[in-house]
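A short reminder: the numbers here are calculations on the coordinates, not readings from a lab. Not measured: the values here are computed from a predicted model. Counting neighbours? That spans all protein chains shown, and the Cβs are built from the backbone with ideal geometry, glycine included.
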Protein chains: 4
Amino acid sequence: MSTDYQKILERIYKEIQLELKKGKVADYIPALAKVKKEQFAMSLTLKDGTSYSVGCSDKKFSIQSISKVFTFAQALNIYSKDMYKRVGVEPSGNPFNSLVQLEYENGIPRNPFINAGALVVTDMLVSHYKDNYKALEKILNFIRDISSNLEIDFDAEVAKSEMEHGYRNLALANLMKSFNNFDNRVDDVVLTYFKQCAVTMSTNELSRAMLFLAFGGKDPINNKEFITASQSKRVNAVMLTCGHYDASGEFAYHVGLPAKSGVGGGIVAVIPNIMSIAVFAPALNKYGNSHAGTLALEKFTTYTGLSIF
Amino acid sequence: MSTDYQKILERIYKEIQLELKKGKVADYIPALAKVKKEQFAMSLTLKDGTSYSVGCSDKKFSIQSISKVFTFAQALNIYSKDMYKRVGVEPSGNPFNSLVQLEYENGIPRNPFINAGALVVTDMLVSHYKDNYKALEKILNFIRDISSNLEIDFDAEVAKSEMEHGYRNLALANLMKSFNNFDNRVDDVVLTYFKQCAVTMSTNELSRAMLFLAFGGKDPINNKEFITASQSKRVNAVMLTCGHYDASGEFAYHVGLPAKSGVGGGIVAVIPNIMSIAVFAPALNKYGNSHAGTLALEKFTTYTGLSIF
Amino acid sequence: MSTDYQKILERIYKEIQLELKKGKVADYIPALAKVKKEQFAMSLTLKDGTSYSVGCSDKKFSIQSISKVFTFAQALNIYSKDMYKRVGVEPSGNPFNSLVQLEYENGIPRNPFINAGALVVTDMLVSHYKDNYKALEKILNFIRDISSNLEIDFDAEVAKSEMEHGYRNLALANLMKSFNNFDNRVDDVVLTYFKQCAVTMSTNELSRAMLFLAFGGKDPINNKEFITASQSKRVNAVMLTCGHYDASGEFAYHVGLPAKSGVGGGIVAVIPNIMSIAVFAPALNKYGNSHAGTLALEKFTTYTGLSIF
Amino acid sequence: MSTDYQKILERIYKEIQLELKKGKVADYIPALAKVKKEQFAMSLTLKDGTSYSVGCSDKKFSIQSISKVFTFAQALNIYSKDMYKRVGVEPSGNPFNSLVQLEYENGIPRNPFINAGALVVTDMLVSHYKDNYKALEKILNFIRDISSNLEIDFDAEVAKSEMEHGYRNLALANLMKSFNNFDNRVDDVVLTYFKQCAVTMSTNELSRAMLFLAFGGKDPINNKEFITASQSKRVNAVMLTCGHYDASGEFAYHVGLPAKSGVGGGIVAVIPNIMSIAVFAPALNKYGNSHAGTLALEKFTTYTGLSIF
């Protein structure tokens, strides 16, 4: 097993080329459909800030569901155990986008990484900050803080386009509201949610942003503590069991790292106490996770021998 | 078996008194929750217009889901076989208010008498009349026509109250919109739907209004044909298989008549070629159908020996 | 509308020819798979015993699920209201062969015409007659009685073949047993059930056998009362709401008669107080009901104007 | 954080006493129902074989579903990637014992730790060893090998009692057979499965048996390799995502270790590269996992600071 990370990233970059043709770029909104398929980037950041990367690692893309990790961490720090009254931490095991389960389970989403759960988390942040504009600002500021990067922002066109096609999310939010698990105006929260999903970041930025989750909630470079060590372990646990929708078990089985994917083609992962990783390859497999990104991470754990198991 | 209908109605009226205490008045909106429990009315109308009644048969109440029969008949007459592209005619067999099934079946509601189906029917009427205000007027006019009664109208307070608690219907409509089975703005259609449900009628008026369905789509008194004989049979068939939500089989089994209930406590029924019937008793059984109303109709078919089977 | 039944049958026979090519013969067991596709027969029997028929109306075929009507009538007569403790009368609304629903609803089948329900009915008959051999004899004797035909028997090869492929029925029975809704040994009851399904009859025989259900439970020719008038209406009600699996609503909508189909290609129907009907055409539609048989019955109600609605 | 394991175990033992009264001993078979509630044992084994324990750590109990870890490891070693044709590695997310999901997903169980999945694994072992007696012997020998203990055996009374109440497992197996995902006779495999579940072991024995999974598939004491390092990681990954039925997410969240529970009150866990652990406390929480055992493991990871995240 090797720890020459740059060499390993380059080997993966070479091996992954043919895989970039496979899968399908998300096409449910025009702004995502136009993303070029054959792109790849991978970045990792170590405790001391040293980082390695290959491919278009400065290219920004839509982080989409990766944002759910950030808002969950932020809300967990605010609400602590009160979170669990409104959202669970159990894999959903459900390929049907969870409307079914949400109904059977009285409007309490299975976990914060399915859409229903993430909407509740955003609703909780809107409640806490008492206003949806303020809540969005605080969400963006949290992401800027963990990234040590004030430039991070969302793509207004993507957010607008999401809203125009967001009927299923509106259905989820209204269903939760009918079960009294939604405090604020449905439209306000859903729009805030779409803006948070529309944040654009590069793999270099994402890998930096995830560093605090690899090191017990505290940024090892500037020593800022964003969440407690216990909360950090729990965010990682939820990433492992629920981070890849209905392919979370497969991902844990083949990759063996806490990680979260986004429909924009990104995946972030952590190797506790060692490093944070981000990968980007926009073509998705049938579960909605980056095809080549998943493979790249599997190769990475194989070549380095690193894994949590 | 007797055909002295007045005597039979009076017998039922007497026998039903104790049953009026059982069940629960709908309480999901204040305007319905305040309805007095121990009320009862039953009316029937024969081919020549002769009618019989007992109880508070001039007392108006909220017809709620009974309105679905009228809008379905109206839309069937407009769209004919094109109806089935957007809504089925199959019992749902589902106690869970059908969000589950709607998702599995790609946004096509099982039948026009579950909420999702009725929302699609109203959406079709809004599309046909090109405007939600016009559509509502046409719906009201259709009900006035079949009732031969220009005074029929909806209760604005009930409609407003429904809208304030209508998150589940908004969820259903948004879910159908995500499957491209909803043409107009969700809020516009849902509000039109709540207004149609808020129409108030007495059992005398409802029994008169249903007469055309007992006589092949044509009002036997004034000879107006509202729908074709074939369409009339089909509306009756859907009432029989789907008229009482997840207790439709029970109702067919015990009463044996095409009928439709509403959460306001009303039930309408037809005995083809003989008569139309309406009953009112606001306390509901666990399926959301009038408890005493169902029993009254069962007694009626037992005492008269009338049944379609 | 005409009542020259022979003429109507011949018209249908002619018109249906092209439809016989459509659909697919049941092929889950070899004994059924070898049935020739392009066969058709239709028979009807009036109150006085007069009967009309076209096609191969003396050709025996496997009645399969039509047998469920006979065992349900037989058990209802024995158990009366105690039936409902073990099986409901509600349409299942479920295309998935009901294992799902059976689990959610604690082992109580929705109705006696889905497989789970019919297995419970046979289990009840085995309990009542205290032995599976005796129960089978009583089932056969009941069918012989209502048919006025001592020759009726089952096809042992079909029954054996069913048993060899009957894992899903064994799953259903074991699941019910785990919920304490199955009294006898699973294998014994399932085998009895497969034998009852393997009874062979012609449309002439079936139409004669169904006559008692068209006339309030009493055979109008020999005046034998097999079940009460009230029970007869109820069997008809269940045929209407549940007789065609997940296409029962469609069938009620298009044909408008209480009827029951079998996977062998038969359908039986009654027009209360007028006649009983049987049709045979082995190729099935996607719901497992005879394609041409359904159409033939729809034509019959259209041409005669007869319907219960 | 401390590594004085004996002291930590004793602290946990003291703190857990009151918790032993909570929950309910499994009572679906008499042989388990008679187990005394207030028992507790906890054992851990380090790389060099050093072990620590508290409570009745030599008391044998029924390992039940813990056996699924052993048969899965054994079958994975035989079948390698061919496993996945017959069983997945995805959390089921389903509180309903998975009959529902098994039907929707065509007889392929979600993972090897739900009953359906474990039955398929045993079926695969019966196929491989060509006989159910031989398969059982090989299963027992595998457990004896990893435990370095030839005395380990199953409790025939428990196995017999399971078979007499095993209708749901028979339903699962028959359902899978109907989908062609079951090769051998249902009764043979189910009986073999019940015998494997009826193996009795103490926490000292279980902690020793799990050591190979803490050290990459190889027993660090005698250097026997039972499975490959990659297979070992994968067994651990499945324990983490699926080891506690529908509370696997909760367990990962609160305890943070790959672990598997059994309805007999045992839980086994590993801390990769450090140790294996076994705990016993027979009263179960509502998910069917040992109540005090789960808490004891949570305390252990808190007091030691050990976790995979």
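For chain D, the longest principal axis of the Cα atoms and the long axis of helix D:186-197 meet at an angle of about 10 degrees.
Under the convention of a label 7 Å out along Cα→Cβ, give the distances in nm from B:N141 to the same position in every other copy, shortest first. Here the equivalent label points are 5.8, 6.8, 8.7 nm apart from this one. In terms of distances greater than 22 angstrom between alpha carbons, the cross-link table entries A:K134/A:K160; B:K59/B:K233; B:K37/B:K59; A:K138/A:K218 yield B:K59/B:K233.
The ranking of C:H291, C:H254, C:H244 by Cβ neighbour count inside 10 Å, starting from the fewest, reads C:H254, C:H291, C:H244.
For chain B, the alpha-carbon radius of gyration amounts to 0.92 times the rule-of-thumb value 2.2 N^0.38 Å expected for a compact globular protein. Taking the Cα centre of chain A as the origin and placing charges on Cβ (Lys, Arg +1; Asp, Glu -1), which of A:S290, A:V190, A:S202 is farthest toward the positive end of the dipole? So the residue we want is A:S290. Relative contact order for chain B: 28 percent, from Cα pairs under 8 Å spaced at least 6 residues apart, divided by residue count. Here the stretch B:1-134 was treated as a single set of alpha-carbon atoms; its pair distances binned every 5 Å from 0 give 2, 8, 13, 14, 13, 14, 16, 12, 7, 2, 0 percent. Of all aspartates and glutamates in the structure, the ones whose alpha carbon falls short of 18 Å from that of A:K224, not counting any fewer than 8 places away in one chain, are A:D48, A:D145, A:E205. Note that the stretch D:102-259 shows a convex hull volume over its alpha carbon atoms of 129 Å³ per residue. Within 10 Å of the Cβ of each residue in D:243-254, the mean number of Cβ atoms contributed by other protein chains is 6.
Computed from backbone phi with θ = phi - 60° and the Karplus coefficients 6.51, -1.76 and 1.60, the 3J(HN,Hα) list for the stretch C:216-228 is x, x, 10, 5, x, 8, 10, 6, 6, 9, 8, 9, 6 Hz; x is used for glycine and proline.
Over chain D, dividing the summed -39,500 (n - 2.57) contributions of all DSSP H runs of at least 4 residues by the number of residues returns a 222 nm mean residue ellipticity of -14000 deg cm²/dmol. Counting every other Cβ atom within 10 Å of each residue's Cβ, D:Y104, C:Y5 order from fewest to most as D:Y104, C:Y5. Note on the stretch D:20-98 and the stretch D:263-309: Cα centroid distance 11 Å, given to the nearest whole angstrom.
Relative to the longest principal axis of the Cα atoms of chain B, the long axis of helix B:115-129 makes an angle of roughly 70 degrees. The loop-placed GluC sites (Glu not before Pro) in the stretch D:1-96, going by DSSP, that have at most 15 neighbouring Cβ atoms within 10 Å of their Cβ come out as D:E38. Averaging the sequence gap over all C-alpha pairs within less than 8 Å and six or more residues apart, then dividing by the number of residues, gives the stretch A:122-191 a relative contact order of 38 percent.
Residue by residue, the stretch C:155-170 carries 3J(HN,Hα) couplings of 9, 4, 5, 4, 4, 5, 5, 4, 4, 5, 10, x, 5, 5, 5, 5 Hz when phi is fed to the Karplus relation 6.51 cos²θ - 1.76 cosθ + 1.60 (θ = phi - 60°); x denotes Gly or Pro. Amide hydrogen proximity for D:D153: with H placed 1.01 Å from N in the peptide plane, the residues at 5 or more positions away or on another chain lying under 5 Å are D:T200. Under the classification rounded if a/c is under 1.5, otherwise prolate if a/b is larger than b/c and oblate if not, where does the stretch A:1-54 fall, given a ≥ b ≥ c as square roots of the Cα gyration tensor eigenvalues? Oblate shape, in that a/c is at least 1.5 and b/c is the bigger or equal ratio. The Kirkwood hydrodynamic radius of the protein assembly as shown, based on inverse pair distances between different Cα atoms, is 33.1 Å. Net charge dipole, the stretch B:152-309: roughly 380 debye, given to the nearest 20, about the Cα centre with Cβ charges of +1 for Lys and Arg and -1 for Asp and Glu.
Please give me the summed charge of the neighbours of D:V35: other residues whose Cβ is under 15 Å from its Cβ, Lys and Arg +1, Asp and Glu -1. After counting each charged neighbour, the total is +2.
Counting every alpha-carbon pair across the stretch A:246-294, the share separated by more than 18 Å comes to 22%.
Among the GluC sites (Glu not before Pro) within the stretch C:174-282, not one is in coil by DSSP while having at most 16 neighbouring Cβ atoms inside 10 Å.
Largest mean-square fluctuation among A:G265, A:G256, A:G243, in a Gaussian network model of chain A whose springs join Cα atoms under 10 Å apart, belongs to A:G256. Between this copy and the others, label points of B:Q17 are 6.7, 7.0, 9.3 nm apart in ascending order, each placed 7 angstrom from Cα in the Cβ direction.
Averaged over the residues of A:100-108, the number of partner chain Cβ atoms lying within 10 Å of the residue Cβ comes to 3.
Taking the longest Cα principal axis of chain A as reference, the axis of helix A:132-147 is set at about 20 degrees. Reported to the nearest whole Å, the Cα centre-to-centre distance from the stretch B:168-211 to the stretch C:236-255 is 26. Under the convention that each Lys and Arg Cβ holds +1 and each Asp and Glu Cβ holds -1, the size of the dipole of chain C around its Cα centre is about 260 debye. In order along the stretch D:302-309, phi translates into HN-Hα couplings of 5, 5, 8, x, 7, 5, 8, 9 Hz, rounded to whole numbers, per the Karplus curve 6.51 cos²θ - 1.76 cosθ + 1.60 with θ = phi - 60° and x for Gly and Pro. In a reduced charge model with +1 at each Lys and Arg Cβ and -1 at each Asp and Glu Cβ, the protein assembly as shown shows a dipole moment near 0 debye about its Cα centre. Taking trypsin sites (Lys or Arg not before Pro) across the stretch D:18-104, the ones in a DSSP loop with at most 16 further Cβ atoms lying within 10 angstrom of their Cβ are D:K22, D:K34, D:K36, D:K37, D:K47, D:K59. Residues whose amide H lies under 5 Å from that of C:K59, counting only those 5 or more places away or on a different chain, are C:T203; hydrogens are built 1.01 Å from N in the peptide plane.
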